[in-house]
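Only one structure is covered here, and it is reproduced in the block below.
The values are calculated or read from the model by the stated rules, or taken from the named source; none is laboratory data. Remember, predicted model here, so these are calculated numbers, not experimental data. Every residue, glycine among them, receives a Cβ derived from its backbone with ideal geometry; neighbour counts consider all protein chains shown.
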Amino acid sequence: MRKFLVVLDDSRECLNAMRFAAMRAAHTGAGVTILSVIPPDEFNHWIGVGEVMREEARERIHAHFEVFAKWMRDRQNVDPELVIREGEPVPEILDFIEGDPEIGVLVLGAGTGRKGPGPLVTQLTKNSGALPVPMTIVPGDLSKEKLEAIT
């Protein structure tokens, strides 16, 4: 089965990427994999403190995932899977795509503020010609109605 890979992070635009991935999956009979990457710099503390912070990060990710997953199940009839990795986000995303042949599309949300589309979109678009799958960039300020119309 083909799957949409969407990246879960703390950005506002992540919401539209999640919606888009779920709606497209529902309309095409695909699945959704949600990938969250915990950067290593979050744990550069003493070992005990680092472990506590790592567990707190995982709990936060699971809480965010459950909100999105409930909406996907209830509204789109899509049951997403969650994958959590630790490392630098871009290499981890690329490594995950390479390791899962069912990933068909990478879906990212683009920020609309003065800082640009966001670090993931910026970094991945620079190398988009070498990506093993197509990438869909969803503007963070699209309305629900517009998302429904284009999916």
Next item on the list: Select from the range 81-108 the residues that are in contact with a strand residue (DSSP E or B) (Cβ under 9 Å, 6 or more places away or on another chain), small (Gly, Ala, Ser) and at pLDDT 95 or above and list them in ascending order.
Entry: GLY104
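Do we find a residue being outside any strand (DSSP E or B) and in contact (Cβ under 8 Å) with a residue 60 or more places away in the chain anywhere in the range 45-59?
no
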Next item on the list: Would you mind telling me which numbered condition in (1) buried (at least 18 other Cβ atoms within 10 Å of the Cβ); (2) at pLDDT below 95 LEU5 fails?
Entry: (2)
Note to self: Condition (residue is acidic (Asp, Glu), at pLDDT below 90, part of a helix (DSSP H, G or I) and loosely packed, with under 12 Cβ neighbours inside 10 Å) applied to the range 62-71: is it met by at least one residue?
What the structure shows: no
Notebook entry, point to check: In the range 76-132, which residues are polar (S, T, N, Q) and part of a helix (DSSP H, G or I)?
Noted result: GLN76, THR122, GLN123, THR125, SER128
Check: farther than 21 Å from LYS3 by Cα and touching a strand residue (DSSP E or B) at 6+ places or on another chain (Cβ under 6 Å): does that describe ILE38?
Finding: yes
